[in-house]
1. Which condition from (1) assigned to a helix (DSSP H, G or I); (2) under 21 Å from residue 203 (Cα atoms) is the one that residue 109 breaks?
2. Applying the selection to the range 107-117, what residues are buried (at least 18 other Cβ atoms within 10 Å of the Cβ) and within 30 Å of residue 196 (Cα to Cα)?
3. Can we say residue 196 is outside the structural domain of residue 12 (by TED's automatic domain parsing) and modelled with pLDDT under 95?
4. Checking the structure you have, find out if any residue of the range 69-88 is under 30 Å from residue 276 (Cβ atoms) and surrounded by 15 or more Cβ atoms within 10 Å (Cβ to Cβ).
5. Kindly evaluate residue 103 against the criterion of being more than 30 Å from residue 215 (Cα to Cα) and exposed (fewer than 15 other Cβ atoms within 10 Å of the Cβ).
6. If you go through the range 187-238 one residue at a time, how many are free of Cβ contacts under 8 Å to residues at least 24 places away in the same chain and more than 25 Å from residue 269 (Cα to Cα)?
7. Going by the structure shown, is residue 159 modelled with pLDDT under 95 and crowded, with 18+ Cβ neighbours inside 10 Å?
8. Quick test for you: out of 48, 20, 62, pick the one residue that is in contact with a helix residue (DSSP H, G or I) (Cβ under 8 Å, 6 or more places away or on another chain) and either part of a helix (DSSP H, G or I) or surrounded by 18 or more Cβ atoms within 10 Å (Cβ to Cβ) (or both).
């Protein structure tokens, strides 16, 4: 019988207990669950993937369920095992989740890896989930098992701010920048419609990346500089957040059409200032 390793990374997310409860209730129970708490993002991911590789003879699959993710079906693990059993060519699968910030289903949801997958642990990257893989052995499921979970269904203010900083850094990379830029624009539009402060703090985090305030080393919850910066804005109302974001935008190429602005920021903050993956 297939045995799986479930990995959960936790850094203060509000949904943690619900995440664990949904995992415990899965109908497929032949799994071990590893919890990795309060480590820098790259270190946490590498620890999880090394544990999986080191025990590849014990586990056929790794299912990564982050602490901000709450599974929707008690039969999800059973469906995943069935999918991989019937498709021996399949090595990596992402399953879409319903995202609070964009109100859409996003692919960066539930990640599953077969025990033949490997990662480049020497790489300094803001995309630690991406392994060394053949694209022909990968699928993104957005219809069969999706939506598999909710993502950030009840984020805290620090969690939202971290989301924005993290996505802001991803949007200035040499790969996948367009996708993350577009998603942040969706968050901005939702903030304008709803005036939800959590959305405003997410956009503020991204705009501080574009302003040069945050680099790769500050993206982790374990780095105190993010909390120190956030403390100066915690009492801001939605109106104040909107004004601060608009000021930052005007000062940092906000007068350009959106995609021109993305390219300018990507070149200056990403390439020239060394925030690109290395």
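The values are calculated or read from the model by the stated rules, or taken from the named source; none is laboratory data. Being a predicted model, the structure only gives us computed values, none of them experimental. We place every Cβ from the backbone using ideal geometry, glycine too, and count neighbours over all the protein chains shown.
1. The one condition residue 109 does not meet is (1).
2. Answer for the range 107-117, where residues must be buried (at least 18 other Cβ atoms within 10 Å of the Cβ) and within 30 Å of residue 196 (Cα to Cα): 108, 109, 110, 111.
3. Details: outside the structural domain of residue 12 (by TED's automatic domain parsing): yes; modelled with pLDDT under 95: no.
It is false that residue 196 is outside the structural domain of residue 12 (by TED's automatic domain parsing) and modelled with pLDDT under 95.
4. yes
5. Numbers: more than 30 Å from residue 215 (Cα to Cα): no; exposed (fewer than 15 other Cβ atoms within 10 Å of the Cβ): yes.
Answer is no for this residue.
6. 3
7. Numbers: modelled with pLDDT under 95: no; crowded, with 18+ Cβ neighbours inside 10 Å: yes.
Criteria not met by residue 159.
8. Numbers: 48 fails: in contact with a helix residue (DSSP H, G or I) (Cβ under 8 Å, 6 or more places away or on another chain); 20 fails: in contact with a helix residue (DSSP H, G or I) (Cβ under 8 Å, 6 or more places away or on another chain).
Exactly one of 48, 20, 62 is in contact with a helix residue (DSSP H, G or I) (Cβ under 8 Å, 6 or more places away or on another chain) and either part of a helix (DSSP H, G or I) or surrounded by 18 or more Cβ atoms within 10 Å (Cβ to Cβ) (or both), namely 62.
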